[in-house]
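Colleague: Sending over a structure as structure tokens; questions will come in a sec.
The values are calculated or read from the model by the stated rules, or taken from the named source; none is laboratory data. A quick note: this is a predicted structure, and the numbers were derived from the prediction, not measured. Cβ coordinates were reconstructed from backbone atoms using ideal geometry, including for glycine residues, and neighbour counts include every protein chain displayed. Ligands, DNA and RNA are excluded from the accessible area calculation, which covers all protein heavy atoms including side chains. Shrake-Rupley method; radii C 1.70, N 1.55, O 1.52, S 1.80 Å.
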Amino acid sequence: MSIASPPVTAPSTTATSATSVRFPGGATADLLCLGEDWITLKIEGELDTFDKYAIIDVLTPFVLGGFRRFRIDAEGVTFIDAAALRAFARVRWFLRRDGGTLEIVGLEAVAARTWAWLTEPTGVADRSRAALPGGSPTSG
């Protein structure tokens, strides 16, 4: 049985000042900067399995709007589990497919190692994709 998070409205891509989004688990994402094809978000609080769909919901409109470089400032993240990290990894996979990037800075050491493991070319995410027709990211 899957528990779906309620939809989260993404910040407008025409915003001129910081816009804030609250995730289902209580964490917040603040839009700090927008450029021609880049965006910087600051995330604070705890991110877990209940936030995985909301992470994708918040980032997807920017991806579809042509943004290709994402910088996530996670210095204020106090907890992040593998499901939330995998949501970022899925967005990163789609960005990289079109020459984009997603960088997460400020993660605690343990979370940073998990992120590196998920996104390394020989990491679990790439091994899972290799087993699927078309090389699409794994579901979950």
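Colleague: Just name the residue that is surrounded by the most Cβ atoms within 10 Å (Cβ to Cβ) out of those in the range 50-79 that are touching a strand residue (DSSP E or B) at 6+ places or on another chain (Cβ under 9 Å) and β-branched (Val, Ile, Thr).
Modeller: Filtering the range 50-79 for residues that are touching a strand residue (DSSP E or B) at 6+ places or on another chain (Cβ under 9 Å) and β-branched (Val, Ile, Thr), the one surrounded by the most Cβ atoms within 10 Å (Cβ to Cβ) comes out as Ile55.
Colleague: In the range 87-117, what residues are more than 15 Å from Phe70 (Cα to Cα) and open to solvent by 60 Å² or more (accessible area, probe 1.4 Å)?
Modeller: Glu108, Ala109, Val110, Arg113, Trp117 - these are the residues of the range 87-117 that are more than 15 Å from Phe70 (Cα to Cα) and open to solvent by 60 Å² or more (accessible area, probe 1.4 Å).
Colleague: What single numbered condition from (1) under 17 Å from Glu44 (Cα atoms); (2) modelled with pLDDT of 95 or more fails to hold for Ile104?
Modeller: That leaves (2) as the condition not met.
Colleague: A further question on this structure: Hey, among the residues in the range 23-36 that are within 14 Å of Gly76 (Cβ to Cβ) and either of a type in the set (A, V, I, L, M) or open to solvent by 80 Å² or more (accessible area, probe 1.4 Å) (or both), which one's modelled with the lowest pLDDT?
Modeller: Looking at the filtered set, the residue picked out is Leu32.
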